[in-house]
Amino acid sequence: MKVLVPVKRVIDYNVKARVKPDQTGVDLANVKMSMNPFCEIAVEEAVRLKEKGVATEVVAVSIGPAQAQETLRTALAMGADRAILVQTSDDLEPLAVAKVLKALVGKESPDLVVMGKQAIDGDNNATGQMLATLLDWPQATFASALEVSGSKAKVTREVDGGLQTLEVDLPAVVTADLRLNEPRYASLPNIMKAKKKELAVEELASLGVDTAPRLKVVKVTEPSKRTAGVKVETAADLVSKLKTEAGVL
Amino acid sequence: MAVLVIADHDNASLKDNTEKTVTAALKLSGDVDVLVAGQGCKAVADAAAKITGVRKVLLAESAELGEGLAESMEALVVPLMANYDAVLTPATSQGKNFSPRIAAKLDVAQISEIVDVVDGSTFVRPIYAGNALETVQSADAKKVITVRATSFKAAADGGSAKVETIAAPAKPAKTHFVDQKLVKSARPELTGAKIVVSGGRAMGSAEEFQKVIEPLADKLGAAVGASRAAVDAGYAPNDYQVGQTGKVVAPELYIAIGISGAIQHLAGMKDSKVIVAINKDADAPIFQVADYGLVADYKAAVPELMSALAAAGK
């Protein structure tokens, strides 16, 4: 069974995004970039499927600038077998990403696509669902457990109020939530090995997919800031302030 | 321009995310219909019909809609879109699950988690864990939108719209519902609660979380939340998580106990009206957003808070 894992290069999880003064976007110059945390979880899950003998090949793909090769090398160091970069300097919207991934699925014919539920830059939480729709494959989003047996996958999903379990026929799209697993750190030998693994680069234009943006960004602004309030000395002080000053009790 | 709002409900009662999403929809158009899709949810449709400003309620029922299968929701909504220019869904885990499918089927962008409507095609949405607000203009003929309900006031009751039953789509062939384990709680729902009490990693165990956070929440009639660290450690169930990828809350009062205040947690609660932080580390980032900070070990502070509340008649 072949597993395709899309990964995205985004601002590092621990870095606070700063809005550019000209309001055209977020300043990413000289900012640490990493693999989107949800994508890491997806890679980990795919590699575990291979280690369990369920998957035979794990292919990591990314759509982005040349630097996204680093992100793919991380996936290879975690245990993916090979990687594909669809190179573009454009920042694609989820619908366009889903269309590109659909084209790659057409070429690679995976039995399962495992991907993060959301990227921490755009915070859209849409690409996996869109890909499943375009492929007419079943979807199981926000997975906290995944069990593949034969031609089916049993997926436990994090939903409002608890957990839901679905069984989907393969091929399918599964999106990873935080508690699906804890991704490994790549060991130094594996990082070295990853440098020798195959990483193919394709130009976005060569896929012939319409990736024109549907949304125009008018401006990007900073949200109104909260300022630190006061420190209270005791719990009784706190209650009295909440009652008389804030009026929320 | 006509707008369809997809109701948030649990088949028994309508969630106030729906009324809030109606408010967002009314900013787009005066012609707002509500779709109630589920199983055995006639009472929900009747409740939706009472929302002021709603023109008509559509009711569709089947087992799969009751289970909330995304494929069924998409199959139901896409044909309806012939009659609507926009569809608005509360950005709950359920809404996030199916709404992008509708967008993909219609070949339009989804405008995710809007917090404001500028005009019929321009919307404001948070990006980068709420550290930036993006104003986007959509060129698509049909708008598919999810709504961060906490950013809108609930539309009032007082309407008397008609409820029209429509056919449910066929069962999806490749997705099968196995089961659902929902936590039953007498507490208010996290996203709609007036007061939220949240616990963090400092709790140290699920038992401690239940012993410290829950009685305080119950004393205040509050919902219970948790930081990602507390959920990851198994101290609290996953649907308690407040943050960038969990629930976004904006209560009147948010009390963070033993929570350091990572960017991702702040993203989920910084729009609360009043924030209280109790943490023994005076340098914890949570104090930078807190209106009232109490630098103290929760082990001493929470019991004191309980007695102070009792003394104040709570």
- Message: Taking each residue in A:130-136, count the Cβ atoms of any other chain within 10 Å of its Cβ, then average. What number comes out?
- Response: 5
- Item | Portion, in percent, of the accessible area of the stretch A:1-70 that falls on carbon or sulfur, probe 1.4 Å | 47
- Message: Interface size between chain B and chain A, please: total buried accessible area, 1.4 Å probe, rounded to the nearest 100 Å².
- Response: 6900
- The answer for the stretch B:41-145, accessible area per residue at 1.4 Å probe in Å², is 27
- Message: How large is the accessible surface of A:LEU72 in square angstrom, using a 1.4 angstrom probe and rounding to the nearest 10?
- Response: 0
- Task: Take the alpha carbon gyration tensor of the stretch B:189-240, find the square roots of its eigenvalues, order them as a ≥ b ≥ c, and report rounded if a/c is under 1.5; if not, report prolate when a/b exceeds b/c, else oblate.
- Result: oblate
- Find, among the trypsin sites (Lys or Arg not before Pro) in the stretch B:82-170, those assigned to loop by DSSP (not H, G, I, E, B) with at most 15 other beta-carbon atoms within 10 angstrom. B:LYS153
- State, as an integer percentage, the relative contact order of the stretch B:160-314 based on alpha-carbon contacts under 8 Å between residues 6 or more apart. 19
- Output ³J(HN,Hα) for the stretch B:46-59: one whole-Hz value per residue in order, computed from phi by the Karplus curve 6.51 cos²θ - 1.76 cosθ + 1.60 with θ = phi - 60°, and x for Gly and Pro. 5, 5, 5, 5, 8, 6, 4, x, 7, 7, 7, 10, 9, 10
- Note on the structure: Computed from every Cα-Cα pair in the protein assembly as shown, P(r) in 20 Å bins starting at 0 and rounded to whole percents is 21, 55, 23, 1
- Message: Suppose all protein chains stay in the model; what accessible area per residue would a 1.4 Å probe give for the stretch A:1-53, in Å²?
- Response: 47
- Message: Rounding to the nearest 10 and keeping the result within 0 to 90°, find how far the Cα-based axis of helix B:93-106 lies from the longest principal axis of chain B.
- Response: 30
- For residues of A:176-185, the mean tally of beta carbons on other chains within 10 Å: 2
- Item | Within chain A, longest stretch free of exposed trypsin sites (Lys or Arg not before Pro) [DSSP loop, at most 15 other beta carbons within 10 Å] | A:53-183
- Percent carbon-and-sulfur accessible area, the stretch B:89-196, ignoring ligands, DNA and RNA, probe 1.4 Å: 53
- Task: Using Cα pairs closer than 8 Å and at least 6 residues apart in sequence, work out the relative contact order for the stretch A:97-139, in percent.
- Result: 44
- Note on chain B: contact order normalised by length, alpha-carbon pairs under 8 Å, 6 or more apart, percent, works out to 14
- Compactness ratio of the stretch A:121-249: Cα Rg over 2.2 N^0.38 Å, N = residue count? 1.72
- Task: Kindly rank B:18-26, B:276-284 from highest to lowest mean number of other beta carbons found within 10 Å of each residue.
- Result: B:18-26, B:276-284
- With all distinct Cα pairs included, what does the Kirkwood hydrodynamic radius of the stretch B:1-160 come out to in Å, to one decimal, could you say? 15.3
- Note on the structure: CD proxy, 222 nm, chain A: helix-only mean residue ellipticity via -39,500 (n - 2.57) per DSSP H run with n ≥ 4, per residue, nearest 500, stands at -8000 deg cm²/dmol
- Note on the structure: Under a Gaussian network model of chain A whose springs join Cα atoms within less than 10 Å, the largest fluctuation of A:LEU199, A:LEU163, A:LEU104 belongs to A:LEU163
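The values are calculated or read from the model by the stated rules, or taken from the named source; none is laboratory data. Remember, predicted model here, so these are calculated numbers, not experimental data. Counting neighbours? That spans all protein chains shown, and the Cβs are built from the backbone with ideal geometry, glycine included. Each accessible area value is taken on the protein alone, full model and side chains, heavy atoms only, with ligands, DNA and RNA left out. Shrake-Rupley method; radii C 1.70, N 1.55, O 1.52, S 1.80 Å.
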